[in-house]
Each structure stands twice: as structure tokens, then as C-alpha cells.
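Coordinate-derived values only; no laboratory data. This one's a predicted model, so the numbers in the text were calculated from it and none came from an experiment. Cβ atoms come from the backbone with ideal geometry, glycine included; neighbour counts cover every protein chain shown.
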Amino acid sequence: MAENKKTNTVSFFNSRLTSVISIALVLFLLGLIFLMGLLGNKLSVYVKENISFSILLKDDQKESEIKAMQKKLDALPFIKSTEYISKEQAARELEEELGESPETFLGFNPLQASIEVKLLSEYANPDSIPMIEEKIKSYTSVSDLLYRKDMMQMVNDNIKRMGIILLALAAILMAISFVLISNTIRLLIYSKRFLIHTMKLVGATSGFIRGPFIRYNLVSGIIASILAILLLMGALYYLQQELDGFIDMIDVPTLGIVFGSVFILGIILSISATFFAVNRYLRMGIDKLYYI
């Protein structure tokens, strides 16, 4: 008797452990997808706000006039930052790239002074550029405006494509996770199918029968959620060790959203999977119970 009780306890523990680990791994993968989605948005902002274009200035402009124009540019709502580059500084930068000063073989400095402009991410798209270009060219100090329109279009297209791919992955993984968790919980409940039928025979309501199973798997879902969060923290620590500055992209609200989503999903998926699994056996007749 004592040996049978010990065997049942070990079997119960192994079943629960398998269930918790299975759910935790699925939640870990979902958490990674959520994290990639949130970081993808921040990464897109970072990339857009680091695409710069050059405002070429007329040669007859005084330093004071250029500084005044730069101050006006900084006040515009669509501009993140500006940097003034004089003719001399431009020549030095070109010399560093070519290894030789342009003045040595031309006899003069052919470069123009310029202002490098970076836009706020919401304005760094092809739709906003014509308006921005018109506004900047209205200044009398401006000779020309240089920017890579094709690059800006490519960045925006790739960001949209990445968002769609991540959304599709999240939807597919959600469906797969529900099926995996549902099958894991169904296997746990399978051994109790005759107990469920017996409770039906003595007049127990469906809610009364489902109650213990839901409470049991609710605890499993909470434990699995905590385990998945710990795995995510371990993955973040590893990425920080491998990629310098990675942790700077993640703030407390982002982590709170990811960890909170994983925790809530663990509970919701466990409860809903238990609900449907128990209902399956509640609807079965005694004959079918022997053949499944």
C-alpha cells in the first residue's frame, strides 16, 4: 500500500513537472516574440532618427547668419538635431576618407559649408519629406538639399515588412502554444476521465467538476509563467553580455509589458485549455471513454 502511494506520488509529480516545463517553454518563446516586437519599434525609431540629410549653404553667408538659421531649424517641430559643418571641417573629413586633401590637387577648397539634419522618427518618411524640403529651401542661406530618398523608402518598407512578419509569427505561435498546452493538460486529465463520468452520475454540475481541474492547472500556469520569466531574464542577461548597449534599448516599462503579458497569458492559456479539455470528457458517453 505504502509503495503504491509512493509510486502515485512520483507519477503525479512527474506529470505536473512535465506540464509546467512544457507550458513554460511555450511562454518563453511567446515572450521572445513580444520582446522582439517591442524592441523592433524602438529599433525602427533609432534607425529613422539616424538618417541624416545635408543642407548645403551659400558661400557668401556669414557665420552669424548660419548660426541664426541653425537656431530656427532646431525650433522646427520635425527636426531632432542639427550639426553645422564648416568648409574647413568638411575638407578635413574628406581628407581622412581619401588620404589626401582636395586643396592639394585642385588648389582650392571645392566643398560647401553645410548643416547636417536628423529628423524625428515620425517625420522620417517619404510622405513628409516634400513638405520638409519646401520649408528648408525657403531659407535664403540654403543652396541645395541632399538626401537619400531611396534609402528612406527602403528603411520604411523594411520596417513595415518586419512588423507584419512579427505579427504573423506571434499569431502562429499563439495558435501552436494553445494546441500544445491544451494537449499537455488533456493528457493530465485523461487519467481522470472515469472520475469525471462518476461525478456526472452522482449529479455533480459541470462547474463543480471543472473547478478542481481549473484550480490545479491555474497553479501550474502561474509556476510556468514565473519559470518562463526567469528564462527570459537569463536570455536578456546573455544578450547583454554578447551585445554591448543592448540593455540600453530596454526600459522598465518594456520589461513590465513583456513579463506581465507572459504571466497573464500563462494563466489564460492554462485555464482555457483546461476548460475545453474537461468539457470534452463531460460530453463523452461511457462507451467512448474506453476507446480514446
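Shape class for the range 59-99, computed from the alpha carbon gyration tensor (a ≥ b ≥ c): oblate, with a/c not under 1.5 and a/b at or below b/c. Looking at the square roots a ≥ b ≥ c of the eigenvalues of the Cα gyration tensor of the range 37-138, which shape do they give, rounded for a/c under 1.5, prolate if a/b is larger than b/c, or oblate? In terms of gyration-tensor shape, oblate.
Say R0 is 45 Å: what FRET efficiency, to the nearest 0.05, do Asn50 and Val179 get from their beta-carbon distance? Before the final figure, lay out the partial values.
Values: r = 42 Å, r/R0 = 0.93.
Efficiency, rounded to the nearest 0.05: 0.60.
Extending 7 Å from Cα along the Cβ direction at Glu97 and again at Lys200 yields two label points whose distance is 7.7 nm. In this rough spin-label picture, where each label sits 7 Å from Cα along the Cβ direction, the Leu282-Thr18 distance is 2.6 nm. For the residue pairs Lys42/Lys160; Lys42/Lys80; Lys42/Lys135; Lys80/Lys135; Lys71/Lys135, alpha carbon separations beyond 19 Å are given by Lys42/Lys135. Rounded to the nearest whole angstrom, the semi-axes of the ellipsoid equivalent to the range 177-255, taken from the Cα gyration tensor as √(5λ), stand at 42, 12, 8, largest first.
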